[in-house]
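Here's the structure, in structure tokens; my notes come after.
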Amino acid sequence: MAWQLFRLGRWSFVHRRAVAAIWVLLLVVLGVGAATLSGTTSDKFELAGIESTRAFDLIEERAPQSSPDGATARVVFEAPEGRSLTEPGYSAAVTAALGALRTEHVASVTDPFTAGTLTGDGRVGYASVGYTQTSNELTDADRSALENAAHDAETAGLNVAIGGDAMNEVEMPLAEVVGIAVALLVLAVTFGSLVAAGMPLLTALVGVGIGMLAITALTGFVELSSTTPALGTMLGLAVGIDYALFIMSRYQSEVRAGRSPAEAAGRAVGTAGSAVVFAGLTVIIALVGLAVCNIGFLTQMGLGGAFTVAVAVLISLTLLPAILGFAGERVMRGKPRYLARAADGAEPRTHGRRWVEWIAGNKWGALAGGIAVALLASLPVASMQLALPDDASKPAGSNARTAYDLIAENFGAGANGPLVVVVDTANAADPAGAVARVTNDLQTMAGRAGTDVATVIPALTSDTPQAQQAFAQQLEVVQFATVTVIPGSGPSDQATKDLVAEIRGAVADLPAETGARALVTGQTAVGVDIANELTSVFPIYLAVVVGLAIFLLIAVFRSLWVPLKAALGFLLSVGVSLGATVAVFQWGWLNQLIGLDTTSPVLFILPILLTGILFGLAMDYEVFLVSRMREAYAHGTPARQAVIDGFAHSARVVVAAAIIMIGVFAGFALTDDVILKTIGFALAVGVLADAFLVRMLIVPAFMLIVGERIWWMPRWLAPLVPTFDIEGEGLTERLDVPADADDRVPALR
């Protein structure tokens with residue numbers, strides 16, 4: 001493979017105009033496709049087959065006009081201090097606002113004066129608005145109607161806040177600016193040249209552009225999660241810069257060793273490019289492996305991220321050498337300070353060499369200390385709670401957060417996330433009796449001490465004969481009824497999650513006794529069901545992904561201990577990342593530094609998503625770092641000295657790559673979107689822990705302790721594993737010709 005990559009890199013350098021034209025043409029074609037074919041994305045987390053989703057499907061099947069999974073809005077009205085919404089002027093303003101917000105996509109609007117959502121003193125009330133479309137499918141006219149209705153009520157002297165997901169508009173954050181700024185600074189310091197620093201940025205941005213345009217065009221055919229493009233941007237930018245950095249660093253080393261630019265480009269792609277290919281494969285395996293979970297939105301995120309990583313690899317192998325050809329000697333004009341200070345022929349005394357030599361003298365203490373720090377930082381994971389994000393996690397002062405707080409203060413936190421018990425009466429002998437049975441059970445539960453039920457709203461709110469007759473007729477048509485349970489705790493609180501299980505246990509024997517069945521749904525119930533499903537498939541996912549990656553690393557390094565050590569180190573990185581996320585988001589430690597002013601459970605998809613992404617990135621650093629050690633060992637350097645020499649050569653690039661990735665992910669951690677904020681923060685901490693604690697401390701300490709045995713592999717296993725020459729040993733032998741031969745080298749023809 002190294003030889004084929006050498007040929008590809010050299011061909012791309014020599015035929016740079018054709019390579020650049022191909023990528024530009026692809027960018028234009030995808031741009032046209034994105035502009036003409038793009039559709040909408042979805043911010044719904046759904047999973048077919050779980051109880052909460054089956055309840056939604058039942059309602060949609062029998063009452064399509066109800067749209068139970070459509071967008072919602074909670075419009076909160078607050079009168080001035082000492083005044084009441086029931087006063088004629090204010091009540092007229094509320095009624096007018098509720099009429100003005102109606103559009104063709106509004107399915108239902110509750111009136112606070114008749115629905116019981118008005119405080120005792122009449123000062124605060126709220127209306128629930130249901131839409132037939134999801135939030136991303138709502139039109140500008142729908143949102144404008146909401147905003148105008150609120151403005152009209154405010155003009156009348158009321159304070160109005162709007163919560164729910166109807167006003168959520170998916171916008172790509174400006175977080176990329178932070179990552180690009182950090183990357184430019186790090187690359188300028190690393191290469192000592194702005195021209196050289198700009199090349200990895202340029203190729204990474206082209207890769208991100210291609211990836212995002214392709215995903216945008218795909219939305220015209222498939223409904224994708226709104227997080228998929230953002231995740232693809234995050235990963236594409238981070239790995240795109242890092243992969244180009246690794247190849248370009250090798251290119252400069254080859255040129256300084258006396259190679260011609262064309263041959264240096266080929267050698268860089270043949271050696272460092274081989275490491276990039278296998279590093280990219282581990283990331284792609286980890287992301288594509290999310291499909292094992294059989295959860296739609298996770299599969300979309302994984303495939304979208306894997307596509308952008310694949311594009312980043314291809315661009316690093318082809319477009320980067322082409323751009324190096326355009327730049328010519330300008331890319332070599334800068335020189336890092338450590339090279340400028342080195343004497344001719346002397347081994348430069350870099351910080352990386354000093355660091356690994358210190359580890360060599362204190363290897364047992366370094367290993368024990370690194371593991372102790374990682375385990376200590378992982379302790380908060382024991383108290384981790386998972387939940388869907390809600391308006392309580394929005395920034396203070398935002399419209400959604402204000403609405404949430406007003407409802408929580410005046411009606412209880414549970415009013416922001418009611419549970420809905422759907423009673424399916426299709427097979428019930430006495431449909432009305434089955435609904436009454438469920439209602440009585442829930443009301444009995446509410447009356448017990450210690451139960452987190454604030455209010456039970458029955459399907460039949462009036463006992464008059466006329467109401468009972470109308471209800472019975474409705475049951476005959478749709479064959480279901482809904483009973484609403486208002487929890488005492490907020491949607492993401494543990495008590496509300498426990499209540500979901502308690503309600504399901506209370507109605508578990510309903511089919512046997514009445515012929516009906518009861519399904520519990522609602523925001524919290526959806527989160528509980530998906531979290532349970534993720535927990536059940538996580539071991540399978542971990543076994544598949546880690547197993548494939550370990551096999552790949554065994555083939556790359558011809559060693560059994562190197563992959564096992566890499567995987568165990570990754571577990572420490574995940575522990576540190578999740579521990580820090582719990583401490584900041586759930587416990588509130590230093591949370592204001594990333595723009596949080598409240599605590600909340602951890603994003604429910606984070607553990608499995610973090611595991612997939614971070615595993616791939618951790619293996620990146622493992623390949624980048626250990627490949628130079630393996631290269632030194634393969635060329636005859638003793639095992640312990642090979643660790644020192646390989647570390648000294650690759651540490652600078654790995655540190656630069658890690659800082660760039662941390663900067664990219666930290667930029668997303670500063671956004672207001674709690675999903676992107678959580679993912680960005682967890683990945684930033686995970687990369688920090690993996691690169692600097694695990695790969696730069698624990699890994700070299702362990703390898704120095706094990707020595708020669710680190711490269712051991714059982715004899716029976718060797719024939720079963722393919723051989724990949726990512727160190728370029730075979731390539732070097734094949735190109736064992738004068739360095740200035742360039743196009744006259746026979747082997748290159």
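Where a number appears in this text, it was derived from the coordinates with a stated rule and is not lab data. This is a predicted model, so every value here is computed, not measured. We place every Cβ from the backbone using ideal geometry, glycine too, and count neighbours over all the protein chains shown.
Once the Cβ-Cβ distance of residue 21 and residue 256 is raised to the sixth power relative to R0 = 45 Å, the FRET efficiency obtained is 0.90. Using Cβ point charges alone (K and R +1, D and E -1), the dipole size of the stretch 418-521 about the Cα centre works out to roughly 100 debye.
When peptides 361-368, 498-505 are ranked by their average number of other Cβ atoms within 10 Å per residue, the highest-first order is 498-505, 361-368. For the stretch 18-34, the Karplus equation 6.51 cos²θ - 1.76 cosθ + 1.60, evaluated at θ = phi - 60°, returns couplings of 5, 5, 4, 5, 4, 5, 5, 4, 4, 4, 5, 4, 5, x, 5, x, 5 Hz by residue, with Gly and Pro reported as x. For the chain, a simple Cβ point-charge model (Lys and Arg +1, Asp and Glu -1, everything else neutral) yields a dipole of about 4040 debye relative to the Cα centre.
Qualifying chymotrypsin sites (Phe, Trp or Tyr not before Pro) in the stretch 551-598, where qualification requires a DSSP coil assignment and no more than 14 other C-beta atoms within 10 Å, comprise 587, 589. Of all beta bridges that DSSP places with both ends in the chain, some 90 percent have antiparallel geometry.
Scalar couplings 3J(HN,Hα) for the stretch 98-107, obtained by applying the Karplus form with A = 6.51, B = -1.76, C = 1.60 to θ = phi - 60°, are 5, x, 6, 7, 6, 10, 5, 9, 7, 8 Hz; x denotes Gly and Pro. Summing +1 for each Lys or Arg and -1 for each Asp or Glu among the other residues whose beta-carbon sits under 11 angstrom from that of residue 398 gives -2.
Here the Karplus relation 6.51 cos²θ - 1.76 cosθ + 1.60, evaluated at θ = phi - 60°, turns the backbone of the stretch 602-617 into coupling constants of 6, 3, 5, 8, 4, x, 6, 5, 4, 4, x, 5, 5, 4, x, 5 Hz, with x for every Gly and Pro. The residue among 478, 167, 414 whose Cα reaches farthest toward the positive pole of the charge dipole of the chain, with charges on the beta-carbon of Lys, Arg, Asp and Glu, is 167. Given the alternatives (1) 32.7, 109; (2) 27.1, 100; (3) 30.1, 102, Rg and Dmax of the Cα atoms in Å as computed for this entry is given by (3). A simple spin-label model places the labels of residue 536 and residue 587 3.3 nm from each other, with each point 7 Å out along Cα-to-Cβ. Would you be so kind as to identify which of 641, 177, 241 lies farthest towards the positive end of the dipole of the chain, taking Lys and Arg as +1 and Asp and Glu as -1 on Cβ and the Cα centre as origin? Of 641, 177, 241, it is 641. Tell me the net charge near residue 617. Cut-off is 13 Å between Cβ atoms, residue 617 excluded, with +1 for each Lys or Arg and -1 for each Asp or Glu. Surrounding charge for residue 617 is -3. Lysine pair count for the chain with Cα-Cα distance under 22 Å and sequence separation of 8 or more or different chains is 6.
Think of the chain as a dipole: +1 on every Lys or Arg Cβ, -1 on every Asp or Glu Cβ, centred on the Cα centre; then among 117, 563, 395, 563 lies furthest on the positive end. Against the chain, whose longest principal axis is taken from its Cα atoms, helix 227-256 shows a tilt of about 10°. Between helix 494-506 and the chain there is an angle of about 60 degrees, using the helix long axis and the longest principal axis of the Cα atoms.
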